[in-house]
Amino acid sequence: MLAFIIRRLLQSTLVMLAVAFVAFALFTYMGDPVNSMVAPDATLEERQRLRHLLGLDQPFYVQFLVFLGNELTGNFGNSFRIGAPVASIIAERLPATLELVFVAAMFALFVGVPCGVYTGLHRHGAVSRVMLTLSLVGVSLPTFLIGILLILFFSVFLGWLPSFGRGQVVSLGWWSTGFLTKSGLRSLILPSITLGLFQTTLFMRLVRAEMLEVLRTDYIKFARARGLSDRAVNFGHALKNTLVPVITIAGLQIGGLIAFAIITETVFQWPGMGLLFISAIQFVDVPVMSSYLVLVALFFVIINLVVDLLYYVVDPRLRIDRPATAH
Amino acid sequence: MKSYALAASLALSVVATSADAKTLRYSTNADLLGLDPAINNEGPSNAMKGNLYSSLVHRNFDLSLSPDLATEWSQLNPETLRLKLRPNVKFHDGSPVTADDVIFSLARFKAEQSEMKSYVATVKEIRKIDDLAIELVTEGPDPVLLQQLPSFYIMPKAWSEKNNTTQVVRGTSAPTFINFNENGSGPYKLVERVADNRTVLVVNENWWGGAAKRGNVDRAEFRPIANAATRVAALLSGEIDLMYPVPSQDIQRINQTPGAKVLEGPELRTVFFGFDQFRDELLDMKGTGKNPFKDKRVREAFYKAIDIQAIYRVVMRNGSRPTGSMVAPGVQGFSAEVDKRPPFDLEASKKLLAEAGYPSGFPVQLDCPNDRYTNDEAICQAAVPMLARAGITVKLNAQTRSLHFDKIGEKDGFNTSFYMLGWTPGTFDVHNALVNLMTRSKYPAWGINNDGRYSNPRVEELTLKAETEMDPKKRLAELEEAQMIHKNDYGHIPLHQQTLAWGVRDTIADNVKPRPQNDVDLTQISMK
């Protein structure tokens, strides 16, 4: 188990380095950050001075090494646009994104999994058919369109929910939360539905397919033959065995939620990391972009590690250390 | 559904009147870059600084100048401008505004890392006559000095020293206190600033101009919304009172919504096409040794092939002001004569090309931004078939602004043959446009944005003269002559000044109009 974790950590470090390198290499194609930092009629001399100050006149590999060195010592540099340390800006934005992702993930799990179980058990029911048809909408419509439609309906026509922003937030130390105010909670509804809708339908279809698969297997038939109750068979045996692939996908999808929060955050002007990243791209704010990409890669790596560890919990076969890998 | 919206808006209006404080909630597409008066030289950031800080001279809605911290001024000699300061003006922390603060502000504006130094570039020193009288001494005669003073914000010396922000720092250095805090003497005070989220201001009860103020906003919340569709939705749902820019396709929709409408007004920026008139061989014609754009007839042919009325009608949906001038009306030195545009004439265009030796045209790439000006890419797309009709094969290269400006600008050595650019003279004087766009003899001081390297000796000479000409009449004549020569040379193809569109709720008073600079001067906004 320990060897496994260490091996995964080494692999993860390589992944992170690769991400940092690719991200940084891409930025050289993004144009000159100095253009957005100075007035259009700034002199050549002013531009050169700023380039020098920011280290942009250094060759690519020097800039990359400096960036790596900084990143390793926890110094993420200063945002060109906001003029504050990237670390503190990200720390300020992280709660907004994580709360949004958390609510979206909870929405996806607590709506998607039960719906999947239901449609799996009642595969020919009318309600199941309606659910499946609706889920097609969730899979096929692009996120920004869903967001705009929700805004149009619930904010513009009905006037029930805010169309943008995060509402009032309460600071708990360095964490600012929208969970404790009415406007904060109201603001969470539309963006989290928008963000989580794809995952909801995905979980539902996945659980349904797995359920149908498992219900056909021999051990379910034997369980029924033994006279176990429907409840025990469906939830104790069938559902538990459908969960392994669901955990894998769910883990990856949570990473995806963080990464794809960009679109939802842009639509709802949600002051999280995705919005920060989009503004950074428009401004060619290299320190923010590189730190964001490395951070998202880190999230993926951590989530994958957690998923692998969860297999041990769910699947007893993995707990037996095989001789080939145990020495 | 409508009744819900109505009920909601009624409820809102009841709350608003019972509180009896006028709160303006407004939005645009990007956040301010910061509040430090000496850096972040950018329209919306400068406008917000103008709400918080006073200048010596104030620029009015119609671009004319009026007293601000200085109550009167006189030109003692070509190099000396004497100003009298308004007595009993206080900064927001209660300390008085004195001549020393003005001197301190000048030093900070002229600091190495300052971005605003161009506004006070010619000012050599400020002489203190007494606490309320100063003299601005320039290196030579500077006829546009007054025009530049509205952007020279006066900062408190003692406060800056106390908070350790006398140095101007930007970029990689530590965040400066002054970028997130303020202590000006302007009409509004800062309450809260959260980057990308909100900036909240309240009225400064002790502002000297209280009696003269046009607006009645007590509290303002600025909340940027990057996504245009969301911004429109926020206006339609009544969550904000004012927003800009309105995407052209949404204007009708907003006007049809009860309680919301679009206000339109002219903007100062002129959008134009430029040609490479410098290289001996056009980038797109490798091996031929020819640059057709060096021939005036070819430039004229291009000019006459562009059907500006079609662009106005179809692409801009009547939301622009076609122009023959490189500057907009309202800019000092604008000439109605120069503004008269040579007409669209396809036959003449074909004839000119044949005369110049290109009867079957030549290949050229048009470099165009796709996220900078209103409908920028669409304008270029429209120009391609127009030029094709005259026989020119144009390949369109539309890309994001940072790449576009790198390619056509000095960074990549003006790597373009034919390009689109837009310009607003930062000094509100046509001399600025001449220096940046139409001259290059004093490069790099002149012509940084003259990407086609247009040059005419007489234009250079007149521009140089106008730089130090203190007689306004003579100066205007020189500026007009220079613009006329450039126009007759077909140095660029001016297209139009785009129209500003502000979306407003009916909470905004009827007399509010968009400012040509396209930003919000809170003292000019009234609410019902």
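The values are calculated or read from the model by the stated rules, or taken from the named source; none is laboratory data. Every value quoted in this text rests on a predicted model; they were computed, and no experiment measured them. Here the Cβ is made from the backbone with ideal geometry for all residues, glycine too, and neighbour counts use every protein chain on show. Only protein heavy atoms, including side chains, enter the accessible area calculation; ligands, DNA and RNA are left aside. Shrake-Rupley method; radii C 1.70, N 1.55, O 1.52, S 1.80 Å.
The residue that is farthest from A:F153 (Cα to Cα), counting only those in the stretch B:204-236 that are buried (at least 21 other Cβ atoms within 10 Å of the Cβ) and free of Cβ contacts under 8 Å to residues at least 12 places away in the same chain, is B:N227.
Pairs are defined by a Cβ separation below 6 Å, a sequence spacing of at least 6 or placement on different chains, a first member in the stretch B:438-449 that is on the phi > 0 side of the Ramachandran plot and free of Cβ contacts under 8 Å to residues at least 60 places away in the same chain, and a second member that is open to solvent by less than 70 Å² (accessible area, probe 1.4 Å) and polar (S, T, N, Q); the pairs so defined are B:G447/B:T439. The residue that is most open to solvent (accessible area, probe 1.4 Å), among those in the stretch B:291-317 that are charged (D, E, K, R) and without any contact (Cβ under 8 Å) to a residue 24 or more places away in the chain, is B:R313. Checked against (1) crowded, with 19+ Cβ neighbours inside 10 Å; (2) out of contact with any helix residue (DSSP H, G or I) (no Cβ under 6 Å at 6 or more places or on another chain), B:S320 passes all but condition (2). Candidates are the residues of the stretch B:417-445 that are within 10 Å of chain A (Cβ to nearest Cβ) and assigned to a loop (DSSP other than H, G, I, E, B); the one that is surrounded by the most Cβ atoms within 10 Å (Cβ to Cβ) is B:P425. Per this entry, B:R253 is counted among residues that are open to solvent by 10 Å² or more (accessible area, probe 1.4 Å), within 14 Å of another protein chain (Cβ to nearest Cβ) and without any contact (Cβ under 8 Å) to a residue 40 or more places away in the chain.
If the condition is being open to solvent by 30 Å² or more (accessible area, probe 1.4 Å), more than 30 Å from A:V214 (Cα to Cα) and among the polar types (S, T, N, Q), then the stretch A:248-266 contributes no residue at all.
Where strands (runs of 3 or more DSSP E) fall wholly inside the stretch B:44-91, the ranges with 2 or more residues that are closer than 30 Å to A:M37 by Cβ, in contact with a strand residue (DSSP E or B) (Cβ under 9 Å, 6 or more places away or on another chain) and touching a residue at least 24 places away in the same chain (Cβ under 8 Å) are B:57-59. Screening A:L10, A:L54, A:L26 for residues that are of a type outside the set (D, E, K, R) and more than 14 Å from chain B (Cβ to nearest Cβ) leaves exactly one candidate, A:L10.
If you go through the stretch B:118-142 and keep only what is open to solvent by less than 40 Å² (accessible area, probe 1.4 Å), within 30 Å of the chain's Cα centre (by Cα) and touching a residue at least 24 places away in the same chain (Cβ under 8 Å), you end up with B:Y119, B:V120, B:I126, B:I134, B:E135, B:L136, B:V137, B:T138, B:G140, B:P141, B:D142. Only residues that are away from every other protein chain (no Cβ under 14 Å), open to solvent by 10 Å² or more (accessible area, probe 1.4 Å) and in contact with a Pro (Cβ under 8 Å, 6 or more places away or on another chain) were counted in the stretch B:183-203, giving 1.
Among the residues of the stretch A:116-131, write down those that are touching a residue at least 12 places away in the same chain (Cβ under 8 Å), part of a helix (DSSP H, G or I) and either acidic (D, E) or open to solvent by 30 Å² or more (accessible area, probe 1.4 Å) (or both). Let's see the steps before the verdict.
Quick first cut of the stretch A:116-131, residues touching a residue at least 12 places away in the same chain (Cβ under 8 Å) only: A:116-121, A:123, A:131.
Checking the rest, the ones that are also part of a helix (DSSP H, G or I) come to A:116-121, A:131.
Scanning the stretch A:116-131 gives A:Y118, A:L121, A:M131.
Tell me, please, whether a residue that is open to solvent by less than 30 Å² (accessible area, probe 1.4 Å) and within 25 Å of the chain's Cα centre (by Cα) can be found in the stretch A:235-247. Yes, the stretch A:235-247 contains a residue that is open to solvent by less than 30 Å² (accessible area, probe 1.4 Å) and within 25 Å of the chain's Cα centre (by Cα). Does any residue of the stretch A:169-177 turn out to be surrounded by 22 or more Cβ atoms within 10 Å (Cβ to Cβ), at pLDDT 85 or above, within 14 Å of chain B (Cβ to nearest Cβ) and under 29 Å from A:A250 (Cα atoms)? Among the residues of the stretch A:169-177, not one is surrounded by 22 or more Cβ atoms within 10 Å (Cβ to Cβ), at pLDDT 85 or above, within 14 Å of chain B (Cβ to nearest Cβ) and under 29 Å from A:A250 (Cα atoms), which makes the answer no. Selection over the stretch B:335-391 of residues that are out of contact with any helix residue (DSSP H, G or I) (no Cβ under 7 Å at 6 or more places or on another chain) and among the aliphatic types (A, V, I, L, M) gives a count of 6. One residue alone among B:V459, B:V384, B:V394 is within 26 Å of B:L352 (Cβ to Cβ), part of a helix (DSSP H, G or I), more than 13 Å from chain A (Cβ to nearest Cβ) and in contact (Cβ under 8 Å) with a residue 24 or more places away in the chain, and that residue is B:V459.
Here's the yes/no breakdown for (1) within 14 Å of chain A (Cβ to nearest Cβ); (2) open to solvent by 60 Å² or more (accessible area, probe 1.4 Å); (3) more than 29 Å from B:L132 (Cβ to Cβ):
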{"residue": "B:N29", "(1), (2), (3)": "yes, yes, yes"}
{"residue": "B:G43", "(1), (2), (3)": "yes, no, yes"}
{"residue": "B:N46", "(1), (2), (3)": "yes, no, no"}
{"residue": "B:D62", "(1), (2), (3)": "no, yes, no"}
{"residue": "B:L81", "(1), (2), (3)": "no, no, no"}
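In this structure, is A:G165 at positive phi, open to solvent by less than 10 Å² (accessible area, probe 1.4 Å) and within 12 Å of chain B (Cβ to nearest Cβ)? Yes: the conditions hold for A:G165. Being within 14 Å of another protein chain (Cβ to nearest Cβ) and surrounded by fewer than 20 Cβ atoms within 10 Å (Cβ to Cβ) is a description that applies to A:I281. For the condition open to solvent by less than 30 Å² (accessible area, probe 1.4 Å) and either in contact with a helix residue (DSSP H, G or I) (Cβ under 9 Å, 6 or more places away or on another chain) or on the phi > 0 side of the Ramachandran plot (or both), B:I240 qualifies.
So if I check each of B:Y303, B:Y373, which one is modelled with pLDDT under 90 and either in contact with a strand residue (DSSP E or B) (Cβ under 8 Å, 6 or more places away or on another chain) or under 19 Å from B:A501 (Cα atoms) (or both)?
Details: B:Y303 fails: modelled with pLDDT under 90.
Criteria check complete, one pass: B:Y373.
Can you tell me which residues in the stretch B:407-416 are at the interface with chain A (Cβ under 8 Å from one of its Cβ atoms) and over 20 Å from the mean Cα position of the chain (by Cα)?
B:E410, B:K411, listed by residue number.
Within the stretch B:258-274, work out how many residues are among the hydroxyl-bearing types (S, T, Y) and open to solvent by 30 Å² or more (accessible area, probe 1.4 Å). Walk me through how you get there before you give the answer.
Filtering the stretch B:258-274 down to residues among the hydroxyl-bearing types (S, T, Y) leaves B:270.
Narrowing further to those that are open to solvent by 30 Å² or more (accessible area, probe 1.4 Å): none.
Matching residues across the stretch B:258-274 total 0.
Here B:S114 clears all of (1) assigned to a loop (DSSP other than H, G, I, E, B); (2) open to solvent by 10 Å² or more (accessible area, probe 1.4 Å); (3) within 20 Å of B:G426 (Cβ to Cβ) except the condition numbered (2).
Would you call B:V169 at pLDDT 90 or above and β-branched (V, I, T)? Steps first, answer last, please.
Values: at pLDDT 90 or above: no; β-branched (V, I, T): yes.
So B:V169 does not fit the description; no.
Within the stretch B:204-226, how many residues turn out to be at pLDDT below 90 and within 9 Å of chain A (Cβ to nearest Cβ)? Number of matching residues: 1.
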